[in-house]
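Student: Take a look at the following structure, please.
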């Protein structure tokens, strides 16, 4: 079972390495990780997708909370939050099949951001299922290269994960 955690940390070098090191020592697989600035310049928000049952999640949260630079940890339940991921996909785009790809891009509400004689680069934003479905369809055309950001998420409603 995947669990999404929002982790607020002090914005300084080495914090992300300590967090990923702690999780790897606990044999917890990080499915997705994204880190970036917040509305407060001295705070970084890390969104983690970790795999494990409720007991493993509890252990992860306890261990992370012991780290000096961790300010706050919150589990973001899927029904109580909004999550998105970005993917850039370079796909083979021979002239004869280009219009089919353009139609798929439209159906999935993606964007073509680069085109040349052999390939297209497509940008898609959405949840994991949407991106997986789009990639599955594009496999028939030949995916040359693919990169995904990792999930970012916010809780629904007026509340916020604050320190």
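Student: I'd like the residue in region 38-55 that is in contact with a helix residue (DSSP H, G or I) (Cβ under 9 Å, 6 or more places away or on another chain) and buried (at least 21 other Cβ atoms within 10 Å of the Cβ) and, out of all such residues, is modelled with the lowest pLDDT.
Tutor: Restricting to residues being in contact with a helix residue (DSSP H, G or I) (Cβ under 9 Å, 6 or more places away or on another chain) and buried (at least 21 other Cβ atoms within 10 Å of the Cβ), the top hit is 50.
Student: Could you grab me the full set of residues in region 1-37 that are buried (at least 17 other Cβ atoms within 10 Å of the Cβ) and over 20 Å from residue 162 (Cβ atoms)?
Tutor: The answer is 3, 23, 28, 32, 33.
Student: While we're here: Restricting the search to region 124-145, which residues are farther than 26 Å from residue 43 by Cα and either under 14 Å from the mean Cα position of the chain (by Cα) or assigned by TED's automatic domain parsing to the domain that holds residue 34 (or both)?
Tutor: 124, 128, 129, 130, 131, 132
Student: Which residues, taken from region 82-94, are part of a strand (DSSP E or B) and crowded, with 17+ Cβ neighbours inside 10 Å?
Tutor: Those that are part of a strand (DSSP E or B) and crowded, with 17+ Cβ neighbours inside 10 Å: 83, 85, 87, 89, 90, 91.
Student: I'd like to verify a number: residues in region 24-48 that are in a loop (DSSP other than H, G, I, E, B) and under 19 Å from residue 1 (Cα atoms), how many?
Tutor: Within region 24-48, residues that are in a loop (DSSP other than H, G, I, E, B) and under 19 Å from residue 1 (Cα atoms) number 4.
Student: Considering only residues that are under 13 Å from residue 5 (Cα atoms) and free of Cβ contacts under 8 Å to residues at least 40 places away in the same chain, look in region 60-75 and name the one that is surrounded by the fewest Cβ atoms within 10 Å (Cβ to Cβ).
Tutor: 62
Student: Moving to a separate point now. From the list 19, 113, 101, which one is in the same structural domain as residue 134 (by TED's automatic domain parsing), over 26 Å from residue 157 (Cα atoms), touching a helix residue (DSSP H, G or I) at 6+ places or on another chain (Cβ under 9 Å) and not in a loop (DSSP other than H, G, I, E, B)?
Tutor: Just one listed residue meets the conditions, 101.
The values are calculated or read from the model by the stated rules, or taken from the named source; none is laboratory data. Everything numeric here is computed off the predicted structure, so don't read it as measured data. FYI the Cβ positions are ideal-geometry reconstructions off the backbone, even for glycines, and counts take in every protein chain you see.
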